[in-house]
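The values are calculated or read from the model by the stated rules, or taken from the named source; none is laboratory data. This one's a predicted model, so the numbers in the text were calculated from it and none came from an experiment. All Cβ positions, even for glycine, are placed from backbone atoms using ideal geometry, and neighbour counts span all protein chains on display. The accessibility values were calculated without ligands, DNA or RNA, using every heavy atom of the protein model including side chains. Shrake-Rupley method; radii C 1.70, N 1.55, O 1.52, S 1.80 Å.
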Amino acid sequence: MKKILIIGGLIMILFSMAKAQNADALRVVNSALQALGGEENLKSFVSIYVKAKGIEHRSADTQGYKPDSETTTQHEEILAVFNDGKRLVYEYKTGRHDGTTRWRRVIFNETQRIVADFTTKSVFPAPVRFPSVDRNQDARRIPHTFLLEILANSATLQYLGAKDNQEIISVQVPSAKAPIRLYFDKNTNHLSKYEYTVDFPALGETTAEYFFENYQPHPKLKWFPTKQTIKLGGKIWRTMDVEQVLVDSNEAKTLLELPPELEGFLIPNGTVKEIAKGVYLVYGLSGFQPMFIEFKDFVMAIEAPAAHPSLEETPVESIGNVNAISEEFIAKIKQTIPNKPIKYVVPTHYHSDHAGGIRAFIPENSILLSTSGNKKFYENFAPNLKVETFTNKRIISDGERTVELIDVGANPHTAENIVVYLPQEKYLFQGDLFYFNGEATFPPKDRLTVMPFFAEWIKKNKLSPTRIYGFHSTLYGTMEHIEKILEMKK
Ligand SMILES: [Zn+2]
């Protein structure tokens, strides 16, 4: 009994010590907020816009020319943080030591994260769920917004002590692996630095430090740090001088829009694009790019997409309606070509992402065209679907439009696989034989068995498509890419 009382008492003491620690840390945060105009004042702003310019010291982040010597490049950036916890824009333009430039704008709007690249002229939108980890990581670069976030996580605050005229506290922000330590100037109560440890690629356990220095008066934010430095493992990675700080500005609002010169490069999910007369691609249909082709009296759908469930999960994660993605595909076809039946559906091969949605085509009375080796498989899976098979090649033509369905035969991916060739346009559509997702990642290292096969097959069959589309790519490859693969093989 006595023991229990002693242990109980100890726990009580530890508990109240922790509470006192937390109260001390909270006092520091509140003083810091007060020094910047107070919580209420800061919460009343819609946006804070910061423009800065500086120098990046490459190699500190294992991205330079040599590990033991630094190269420096110019860096410019604009950060606009909106108080709604959602919207944020970060645009940066930074040199690389090889003379090239990264110039990107990352936009978080209410529903999407859009990465727009000014150099490669590409715009990639992706749906985003809030609270977004990526978004909040950027927002911490402004002390005012970071302090508000810390206040919202005050239950995790710890007082770590005082040293060199600085009070030190720690906070655990959601999703972060380790707590972040924050340093506050005892005289001004300003946040002067924060740091955390990270297992950094190629450096190992490293401390990342963010310094806020040279605070200057600001009409709305009271004070703003005009010099910011980021260090990695004690080495300076980036120094920046702040040139402009705006509150609730039009500049911040404008940044949320895509720059006009990049507007044409944005493809929102589920967009139907006519890539040649009567030939359509659906972009970003749950991550897939199926095709459909218009004939005089009917439509041909290429692929019957479905999501592949994750078998590691027990029970297998419910994917809901297996036909959902193909139903959406059919709806897109009907919106585009309202008055013609979908006479044919052609999965390139039997894999579930390409053919798992074929039952959605039963109400359309579509005929499934396939190679003979898959006949039994399809008849089992969709007994009410009419299946017609062919060997080697089947040509569908109505006099105006011709489509060649060609079985590439046994290949590293499947025993049979259909490519769709449009002889008039010289376009080719395929699934899982060729991957092109941009020059930077071509050829993808994990596809080096099937791609050489495909490149040789193209050569052997004397095809020279001007565009090679793929179910898993938003971009198309060309014969240049085929040559590159053949060259590599030598
Ligand atoms: Zn496949």
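In the stretch 135-164, which residues are assigned to a loop (DSSP other than H, G, I, E, B) and surrounded by fewer than 21 Cβ atoms within 10 Å (Cβ to Cβ)? I'd like the intermediate steps shown before the answer.
Pass one, the stretch 135-164, residues assigned to a loop (DSSP other than H, G, I, E, B): 140-142, 153, 157, 164.
140, 141, 153, 164 - these are the residues of the stretch 135-164 that are assigned to a loop (DSSP other than H, G, I, E, B) and surrounded by fewer than 21 Cβ atoms within 10 Å (Cβ to Cβ).
So is residue 441 at pLDDT 95 or above, out of contact with any strand residue (DSSP E or B) (no Cβ under 6 Å at 6 or more places or on another chain) and loosely packed, with under 15 Cβ neighbours inside 10 Å or not?
Criteria not met by residue 441.
Among the residues of the stretch 438-468, which ones are closer than 22 Å to residue 123 by Cβ and aromatic (Phe, Trp, Tyr)?
442, the sole residue that qualifies.
Just checking: which of the strands (runs of 3 or more DSSP E) contained wholly in the stretch 193-304 hold 3 or more residues that are assigned by TED's automatic domain parsing to the domain that holds residue 31 and open to solvent by 20 Å² or more (accessible area, probe 1.4 Å)?
It comes to 204-218, 222-232, 235-247.
Assess whether residue 450 counts as being within 14 Å of the ligand (Cβ to nearest atom), closer than 18 Å to residue 289 by Cα and not polar (S, T, N, Q).
On the way: within 14 Å of the ligand (Cβ to nearest atom): yes; closer than 18 Å to residue 289 by Cα: no; not polar (S, T, N, Q): yes.
Spelling it out, it is not the case that residue 450 is within 14 Å of the ligand (Cβ to nearest atom), closer than 18 Å to residue 289 by Cα and not polar (S, T, N, Q).
Just one of the numbered conditions (1) open to solvent by 40 Å² or more (accessible area, probe 1.4 Å); (2) touching a His at 6+ places or on another chain (Cβ under 7 Å); (3) without any contact (Cβ under 8 Å) to a residue 60 or more places away in the chain is not true of residue 183; which one?
(2)
Give me the pairs: first residue in the stretch 319-330 and in contact (Cβ under 8 Å) with a residue 12 or more places away in the chain, second residue open to solvent by 60 Å² or more (accessible area, probe 1.4 Å), beta-carbon distance under 7 Å, and six or more apart or on different chains, which are they?
Sorted first by the residue in the stretch 319-330, then by its partner, the pairs are 323/359; 325/286.
Within the stretch 42-72, can you find the residues that are touching a Ser or Thr at 6+ places or on another chain (Cβ under 6 Å) and modelled with pLDDT of 90 or more?
49, 54, 55, 56, 57
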